[in-house]
Amino acid sequence: ATAVTPASLLALKRSGAPITALTAYDYPTARLADEAGIDMLLVGDSLAMAVLGHEDTLAVTMDEMLHHARAVRRATQRALLVVDLPYGSYQISVEDTLRNSLRMVKEAGANAVKLEGGAAMASRVRALTAAEIPVVAHIGLTPQSVNRMGGYRVQGRSEIEAMTLLDDALALEDAGAIAIVLEGIPRELAALITARLHIPTIGIGAGPKCDGQILVWHDVFGLSFRNAPKFVRQFEDVAALMRKGLEEYRTAVSERTFPRDEESYHLPTNVHLPETE
Ligand code: KIV
Ligand code: NA
């Protein structure tokens, strides 16, 4: 299968074919997603919550993101690999943004980086694009803004907020973004932004009219240990499967039915050890 590129994502939008995206954080899950034909794999900073057990995404570091991104890179042959810039890695300056994004490309093989924010981030997007680093933008409910937002709330519900988000999206496209994640906004606003932009929109909690959809792996498989928001659909209950397997394993070891003789190594028949009782 030929590799997904920014140009092929654009072609999908133009043809009206939905773009499939999913987060991934390690080798086995990225391998499964890539083999399943998911177009875009995102090493999201949701790593902080989904995998590392943090309360929000703010604490995750560049080194932690790189560690997981490298594992996902080794597993990914077809999908476009996007890596999130963690909070603090692009807020200080354009120079810092470039330095940290170059690490994502050079040390982890990212095909693109993603950052949160609207028109205020256009200068970053422009500089990254000039440095040959494709950028995915992310507006609406931006989890790194949790302290400003005072929690996770749907954004763009008033006309003025909605029009500001449309302007943000247009500014990010103008700055060179290859795609834009729309998170936690009314479906009508996502439809408007999707219609006005030339670049693809990837929705999460943004309704069915986006050019693509993304979800967090652990939400898809019931591994999040949280009450999921309404936009989440759990496609399989992997936690239930794991609980069953864990119970069976614990019982088998406790009852000495694991390992069986055929799951054990044997001495060569000409070798004899002292008898045990
Ligand atoms: O970190 C993440 O998982 C994300 C997606 C939900 C878009 O940014
Ligand atoms: Na993210």
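The values are calculated or read from the model by the stated rules, or taken from the named source; none is laboratory data. A quick note: this is a predicted structure, and the numbers were derived from the prediction, not measured. Positions of Cβ are backbone-derived with ideal geometry, glycine not excepted, and every protein chain shown enters the neighbour counts.
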Item to check | Among the candidates Leu52, Leu12, Leu66, residue that is in a loop (DSSP other than H, G, I, E, B) and at pLDDT 95 or above | outcome: Leu52
Item to check | Matching residues in the range 69-95 - criterion: being of a type outside the set (A, V, I, L, M) and either in a helix (DSSP H, G or I) or away from ligand 1 (no atom under 12 Å from the Cβ) (or both) | outcome: Arg70, Arg73, Arg74, Thr76, Gln77, Arg78, Gly88, Ser89, Tyr90, Gln91, Ser93, Glu95
Checklist entry - In the range 81-101, which residues are touching a helix residue (DSSP H, G or I) at 6+ places or on another chain (Cβ under 8 Å), within 16 Å of ligand 2 (Cβ to nearest atom) and aliphatic (A, V, I, L, M)? => result Leu81, Val83, Leu85
Next on the checklist: Checking Gln77 against (1) surrounded by 20 or more Cβ atoms within 10 Å (Cβ to Cβ); (2) of a type outside the set (Lys, Arg); (3) over 30 Å from Lys209 (Cβ atoms), only one condition comes out false. Which one?
Outcome noted: (1)
Checklist outcome for this item: Subset of the range 143-155, residues touching a Gly at 6+ places or on another chain (Cβ under 9 Å) and either surrounded by fewer than 20 Cβ atoms within 10 Å (Cβ to Cβ) or more than 24 Å from Leu81 (Cα to Cα) (or both), comes to Ser145, Tyr152, Arg153, Val154, Gln155
Next on the checklist: Condition first: within 16 Å of ligand 1 (Cβ to nearest atom) and more than 13 Å from Leu85 (Cα to Cα). Now tell me which residues in the range 112-142 satisfy that.
Outcome noted: Gly118, Ile139, Gly140, Leu141
Checklist entry - Name the helices (runs of 4 or more DSSP H) wholly within the range 127-221 that hold at least 2 residues that are more than 18 Å from the chain's Cα centre (by Cα)? => result 146-149, 159-175, 187-196
